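Participant: This is the structure I have questions about; it appears just below.
What follows is calculated from the coordinates using simple rules that are stated; it is not laboratory data. As the structure is a prediction and not an experimental result, all values here were calculated from the model. Backbone-built Cβ (ideal geometry, glycine too); neighbour counts: all protein chains shown.
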Amino acid sequence: MSKTPAVVGALALAALLIWLLAPAPLPERWSDSETALIASLSLSALPTLAPDPGNAVADDERAARLGHRLFFDARISSNGAVSCAHCHRPEIAFSDGLPIAVGTGVGQRNTPGLIGIAYSPWFYWDGRRDSQWAQALAPLETHFEQGAGRGAVARLLAEDSAYQAMYRELFGELPPAEQIPRHASPGGNEAAQSQWRSLDPALQASIDTVFANAGKALAAYQRKLMPGRGRFDDYADRVAQDGAVRQDDLLSRDELEGLRLFIGEAQCVNCHNGPLLSNHDFHNTGILPVAGQMPSMGRFDGVEEARRDAFNCLGEFSDAAPGQCLELRFARDDSELAGAHKTPGLRNVVRTAPYMHTGAFATLAEVLEHYNEAPVAMLGHNEAKPLGLSRRKLRRLEAFLHSLDAPPDTAPQWLAPPGARR
Amino acid sequence: MLRCFHCTLMLLLAPLSALAGEQPHFTLLTSGGKQLRVVSELSPLALNRIHSWRLYLTDADGAPIRGADISITGGMPDHDHGLPTRPRLTGEPEPGAYLLEGLRFHMPGRWRMHFSIALDGDPDSASLEFEL
């Protein structure tokens, strides 16, 4: 009996498998629009960080030094054990590796990384603060984050001789430490609020000013945390020159395929755009609520809270003229924002698991699978549409995300507590 | 980076300024026969930056039209969502020249803007589409 049919069959099967499994050849050149998109994602396209009009010391080195010291100081917490760095750990891009933050108590959302976040006009997953300095103040008065309260923060700055000197050089006189009740806070428990209400309004105003200045110093420090160039950036800069795809050692074949998906079929670039791979805006992507929590209204509530915040851009502690508070004045607040949360940047995404505002996904593969399915949202509507990508394409997207990673472009002394041996 | 690829019936011309250094601008014909010239104060127009536009409203003879009330809506028809901000008119610094503040575009793709113009109770409108 002839073996020819079996051989032909085997060859046909092999050819089919090759056709199914082998990647289609990459083109030699990116299209003009692809070239422009790739160039727009490079860190070379990142503008110099604009001044924060609400924070007159945002780019003052002395403020950054004061903020650096505060950032790593656990005394600004109710139990004396939780510094900012407790949840924003420098070694993992200033995230914490946990699904949900744990400060002085269990929090409500995942801790975002801080590298490059100074470019965002809004802070927190729901955008409930409109500046980095206003954001820095909120955990200090939130009982499950640090919860020290403004009295404790102002008192520490007034009685610690190192802080006292740094503060005075920047902002002028402090109230006498003994006049500042350590536990007085309008955002604390009933006793703290009662103590706050009992204070003379002039002293309240002085404490508020010191507290706001602490936030401005913390922001000045965090503005130092800048993303470093990854392999992708060198690749993108070469593409920007001539549009050539270049299958060489800068990006692997899988990473190139992932990039093509990222800016094309997978539509990631719709929201993850610009050199930080974030539009800093708010989108509902159908993430389920944290177990035991009500669904988060996200930006819908966040924008209202930002408007009410005494430390916002239009408030009395802001250094901005009202005309400079564009984001706050022209913020959108309609029901389309229900369940919408901020687009995170992707520069160091491989270091900042778990993912999403709920920390629901332990791996990038799970995140990509979520976008591939685009489930119906419990609240509002999921803006993403199912992608229906193959497993191989999802793996390539993940490979591309690795090409973005790099150590921060930040001097080493800022990445450890002040005075730490390196 | 920005190019108009579709013009509605209400739109006379919507070319992006092609000359280097020129501010991005469009010239629209309203449904009531007025001319609305839209000039971006951000040049070149770019993603994720809040900025203002100047709107120059003139009659068919090119004379400025003062005192109009202009509101704007918009969004991305391909993504079924609106603008990421709530831009609004904040003044008329020159006769017939209106300041529209609070614009920001957060996604690449096709954007559609609709201008509602009220003048002495007389409604008028113009539309614009462009790709960013």
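Participant: Sequence-distant or interchain residues sharing an amide H contact under 5 Å with A:GLN108, placed H: which?
Facilitator: A:ALA101
Participant: Hey, another quick one. Let's see if you can work this out: charge +1 on each Lys and Arg Cβ, -1 on each Asp and Glu Cβ, no other charges. What is the dipole magnitude of the stretch A:210-363 about its Cα centre, in debye to the nearest 20?
Facilitator: Working: 17 positive and 21 negative charges, 80 e Å.
Magnitude of the dipole: close to 380 debye.
Participant: Calculate one ³J(HN,Hα) per residue across the stretch B:122-129 by plugging θ = phi - 60° into the Karplus curve 6.51 cos²θ - 1.76 cosθ + 1.60, and present them in order as whole Hz with x for glycine and proline.
Facilitator: Result, rounded to whole Hz: 9, x, 8, 7, 8, 10, 8, 10.
Participant: Can you find, among A:LEU225, A:ALA81, A:GLY103, the residue sitting farthest towards the positive end of the charge dipole of the stretch A:61-226, where Lys and Arg contribute +1 and Asp and Glu -1 at Cβ?
Facilitator: About the Cα centre, the residue reaching furthest to the positive side is A:LEU225.
Participant: Run the simple label-point estimate for A:SER194 and B:THR90 please: 7 Å along Cα→C-beta, distance reported in nm.
Facilitator: Between A:SER194 and B:THR90, the label points sit 4.5 nm apart.
Participant: Which Cys in chain A stand alone, with every other cysteine's Cβ at 4.7 Å or more from theirs?
Facilitator: So, A:CYS84, A:CYS87, A:CYS268, A:CYS271.
Participant: Take every residue in peptide B:95-105, count the Cβ atoms of other chains within 10 Å of its Cβ, and give the average of those counts.
Facilitator: Values: counts 0, 0, 0, 0, 0, 0, 4, 6, 2, 8, 2.
What the average comes to for B:95-105 is 2.
Participant: Moving on. Give, as ranges by residue number, the residues of the stretch A:202-245 whose backbone N falls under 16 Å from the point 7 Å along Cα→Cβ of A:THR48.
Facilitator: A:224
Participant: From the phi angles alone, apply the Karplus equation (6.51, -1.76, 1.60; θ = phi - 60°) to the stretch B:42-57 and give each ³J(HN,Hα) in whole Hz, x where the residue is Gly or Pro.
Facilitator: Here the 3J(HN,Hα) series is 9, 9, x, 4, 9, 5, 6, 10, 6, 7, 10, 10, 9, 10, 10, 9 Hz.
Participant: I'd like the FRET efficiency for A:ALA36 and A:GLU373, computed as 1/(1 + (r/R0)^6) with the beta carbon distance as r and R0 of 30 Å, rounded to 0.05. Walk me through the numbers on the way to the answer.
Facilitator: Working: r = 30 Å, r/R0 = 1.01.
It comes to 0.50.
Participant: Mind running the shape call on chain A? Use the C-alpha gyration tensor, a ≥ b ≥ c as the square roots of the eigenvalues: rounded below 1.5 for a/c, prolate if a/b tops b/c, oblate otherwise.
Facilitator: Details: a/c = 2.44, a/b = 2.06, b/c = 1.18.
Verdict is prolate for chain A.
Participant: Now a separate question. Which three lengths, in whole Å and largest first, does the stretch A:164-305 cover when its Cα atoms are put on their principal axes?
Facilitator: Reported extents, whole Å, longest axis first: 68, 43, 22.
Participant: Give me a single rounded figure for A:187-197: the average over its residues of other chain Cβ atoms within 10 Å of their Cβ.
Facilitator: Details: counts 0, 0, 0, 0, 0, 0, 0, 0, 0, 0, 0.
If you average over the peptide's residues, the count of other-chain Cβ atoms is 0.
Participant: Mind checking the angle between helix A:61-71 and chain A's longest principal axis? C-alpha axes, 0 to 90 degrees, to the nearest 10.
Facilitator: So the helix axis and the longest Cα principal axis differ by about 90 degrees.
Participant: Using R₀ = 35 Å, calculate the FRET efficiency as 1/(1 + (r/R₀)^6) where r is the Cβ-Cβ separation of A:ASP301 and B:GLU131; round to 0.05. Walk me through the numbers before you get to the answer.
Facilitator: Working: r = 33 Å, r/R0 = 0.95.
According to the calculation, E is roughly 0.60.
Participant: Right, next: Taking the Cα centre of the protein assembly as shown as the origin, how large is its charge dipole in debye, to the nearest 20, when only Lys and Arg (+1) and Asp and Glu (-1) carry charge on their Cβ atoms? Provide the component values of the computation, followed by the final result.
Facilitator: On the way: 51 positive and 65 negative charges, 287 e Å.
The dipole magnitude comes to about 1380 debye.
Participant: Within 10 Å of each Cβ of B:44-57, how many other protein chain Cβ atoms are there on average? Let's see the in-between values first.
Facilitator: Numbers: counts 0, 0, 4, 4, 10, 4, 5, 1, 2, 0, 0, 0, 0, 0.
Mean shielding count: 2.
Participant: Taking θ = phi - 60°, what integer Hz values does the Karplus form 6.51 cos²θ - 1.76 cosθ + 1.60 yield along the stretch A:104-115, in sequence order, with x for Gly and Pro?
Facilitator: Computed from phi, the couplings for the stretch A:104-115 are 6, x, 7, x, 10, 9, 6, 7, x, x, 10, 5 Hz.
Participant: Rounded if a/c is under 1.5, else prolate if a/b beats b/c, else oblate: with a ≥ b ≥ c from the C-alpha gyration tensor eigenvalues square-rooted, which is the stretch A:271-324?
Facilitator: On the way: a/c = 3.52, a/b = 1.42, b/c = 2.47.
Since a/c reaches 1.5 but b/c is at least a/b, the shape of the stretch A:271-324 is classed as oblate.
Participant: Okay, moving on. Just how large is the dipole of the stretch B:59-98 about the Cα centre, in debye to the nearest 20, putting +1 at every Lys and Arg Cβ and -1 at every Asp and Glu Cβ? Don't skip to the answer; put the middle values down first.
Facilitator: Values: 3 positive and 7 negative charges, 43 e Å.
Magnitude of the dipole: close to 200 debye.
Participant: Given points 7 Å out from each Cα along the Cα-Cβ axis, report the A:ALA291 to B:GLU41 separation in nanometres with one decimal.
Facilitator: Reported label-point gap for A:ALA291 and B:GLU41 is 5.2 nm.
Participant: At what distance in angstrom do the alpha carbon centres of the stretch A:174-231 and the stretch A:353-422 lie from each other?
Facilitator: Measuring centre to centre over Cα atoms gives 33 Å.
Participant: Sort out for me the Cα centre separation of the stretch A:109-126 from the stretch B:70-132, rounded to whole Å.
Facilitator: With the stretch A:109-126 and the stretch B:70-132 each reduced to a Cα centre, they are spaced 29 Å.
Participant: Rounded to the nearest 0.05, what FRET efficiency do B:GLN23 and A:THR363 give with R0 = 45 Å and r taken as the Cβ-Cβ distance? Could you check? All intermediate terms of the calculation are to be shown ahead of the outcome.
Facilitator: On the way: r = 46 Å, r/R0 = 1.02.
That gives a FRET efficiency of 0.45.
Participant: Within the stretch B:25-131, what percent of beta bridges assigned by DSSP are antiparallel, to the nearest 5?
Facilitator: Within the stretch B:25-131, antiparallel bridges account for around 100 percent of the total.
Participant: A further question follows. Could you list which residues have their amide H under 5 Å from that of A:ALA340, counting only those 5 or more apart in sequence or on another chain, with H placed in the peptide plane?
Facilitator: Amide H neighbours of A:ALA340, under 5 Å, 5+ apart: A:ARG299, A:PHE300.
Participant: Which is the longest run of chain A containing none of the GluC sites (Glu not before Pro) found in DSSP loop states (not H, G, I, E, B) with at most 15 other C-beta atoms within 10 Å?
Facilitator: Details: sites that count: A:GLU28, A:GLU173, A:GLU265, A:GLU316.
For GluC sites (Glu not before Pro) (loop position, at most 15 other Cβ atoms within 10 Å), the longest site-free span of chain A is A:29-172.
Participant: Starting with the highest mean, order B:97-110, A:236-249 by the number of other Cβ atoms within 10 Å, averaged over the residues of each peptide. Before the final figure, lay out each step's value.
Facilitator: Working: B:97-110: 20.8, A:236-249: 15.9.
Those peptides, ordered most packed to least, come out B:97-110, A:236-249.
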